[in-house]
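Participant: My questions will all concern the structure given below.
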Amino acid sequence: MLIYSAAGLTARAQARDLLALAVRETWGLSPLPEIARQEHGKPYFPGHTGLHFNLSHSGDLALCALDSAPVGVDIQLVKERRPSLPRRACSAEEQAWLEEQPEFWPAFTLLWTLKEAQVKESGRGLTPDLRDIRVPLPGQEPVLFDGLWFRTWSGPGWAAAVCGHSEPPGEIYQRKI
């Protein structure tokens with residue numbers, strides 16, 4: 001598994017430019033292969049069934065993962081959200097963990113990225129009850145949980161996560177787009 005990121009994006013389409021760069025550097029494919037979508041929206045390369053990827057963007061940030069098995073990523077800017085969202089999205093255990101965190105919204109954002117990455121890996125989308133999406137609590141990384149690998153990253157004002165079948169690397173390849 002390889003993880004690529006970019007910052008300073010000025011247009012949403014630049015996230016796809018990051019994917020094209022990552023695919024070229026990793027698999028030597030140029031131009032970017034045709035992308036199709038599964039039933040719940042998960043993107044894939046129909047002409048390259050053994051190559052898996054996922055892409056996320058938020059604000060001026062983008063993150064993508066490449067692997068030989070299904071993978072999901074999510075990146076989010078940290079911001080306050082509707083106060084009811086954590087109760088709707090988190091299990092009792094996750095809510096208790098959140099209440100112990102010194103900074104609530106950065107912790108919630110990290111937990112949210114784990115849930116998003118997990119459903120993106122599965123390809124099912126956010127169709128189940130959000131509280132039923134099982135992920136490990138953020139902490140020591142990477143972690144194998146329910147047969148999948150998870151890892152999180154965070155920085156000033158952002159949080160990100162990956163979920164997949166391969167152990168995630170600690171390093172993110174940062175590129176300029």
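The values are calculated or read from the model by the stated rules, or taken from the named source; none is laboratory data. For clarity, every value in this text was computed on a predicted model and none was experimentally measured. Note that each Cβ is placed from the backbone with ideal geometry, even for glycine, and that neighbours are counted across all protein chains shown.
For every residue, the table says whether it meets (1) without any contact (Cβ under 8 Å) to a residue 40 or more places away in the chain; (2) outside any strand (DSSP E or B); (3) under 20 Å from Thr26 (Cβ atoms); (4) among the charged types (D, E, K, R).
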{"site": "Trp105", "(1), (2), (3), (4)": "yes, yes, no, no"}
{"site": "Leu114", "(1), (2), (3), (4)": "no, yes, no, no"}
{"site": "Val119", "(1), (2), (3), (4)": "no, yes, no, no"}
{"site": "Leu137", "(1), (2), (3), (4)": "no, yes, no, no"}
{"site": "Gln140", "(1), (2), (3), (4)": "yes, yes, no, no"}
{"site": "Thr152", "(1), (2), (3), (4)": "no, no, no, no"}
{"site": "Ala159", "(1), (2), (3), (4)": "no, no, no, no"}
{"site": "Glu171", "(1), (2), (3), (4)": "no, yes, yes, yes"}
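For every residue, the table says whether it meets (1) free of Cβ contacts under 8 Å to residues at least 60 places away in the same chain; (2) closer than 15 Å to Arg175 by Cβ; (3) in contact with a Leu (Cβ under 7 Å, 6 or more places away or on another chain).
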residue: Ser5; (1), (2), (3): no, yes, yes
residue: Leu21; (1), (2), (3): no, yes, no
residue: Leu32; (1), (2), (3): yes, yes, yes
residue: Phe45; (1), (2), (3): yes, no, yes
residue: Asn54; (1), (2), (3): no, no, no
residue: Gln76; (1), (2), (3): no, no, no
residue: Pro102; (1), (2), (3): yes, no, no
residue: Phe108; (1), (2), (3): yes, no, yes
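Rundown of residues vs (1) surrounded by 13 or more Cβ atoms within 10 Å (Cβ to Cβ); (2) polar (S, T, N, Q); (3) closer than 20 Å to Ala6 by Cα, yes/no style:
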| position | (1), (2), (3) |
| --- | --- |
| Asp17 | yes, no, yes |
| Leu21 | yes, no, yes |
| Phe45 | yes, no, no |
| His52 | yes, no, yes |
| Leu61 | yes, no, yes |
| Val71 | yes, no, yes |
| Leu77 | no, no, yes |
| Arg81 | yes, no, no |
| Pro86 | yes, no, no |
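Participant: Among Gly28, Gly59, Gly8, Gly41, which is the only one that is within 17 Å of the chain's Cα centre (by Cα), modelled with pLDDT of 95 or more and of a type in the set (Gly, Ala, Ser)?
Facilitator: When all the criteria are applied, what remains is Gly59.
Participant: Now for a different question. Are any residues in segment 110-119 over 15 Å from Leu85 (Cβ atoms) and out of contact with any Leu (no Cβ under 9 Å at 6 or more places or on another chain), and if so, which ones?
Facilitator: Matches in segment 110-119: Ala117 only.
Participant: Here's a follow-up. For Val78, indicate whether it is within 20 Å of Phe150 (Cα to Cα) and either in contact with a Lys or Arg (Cβ under 8 Å, 6 or more places away or on another chain) or aliphatic (A, V, I, L, M) (or both).
Facilitator: Here the answer is yes, as Val78 does meet what is asked.
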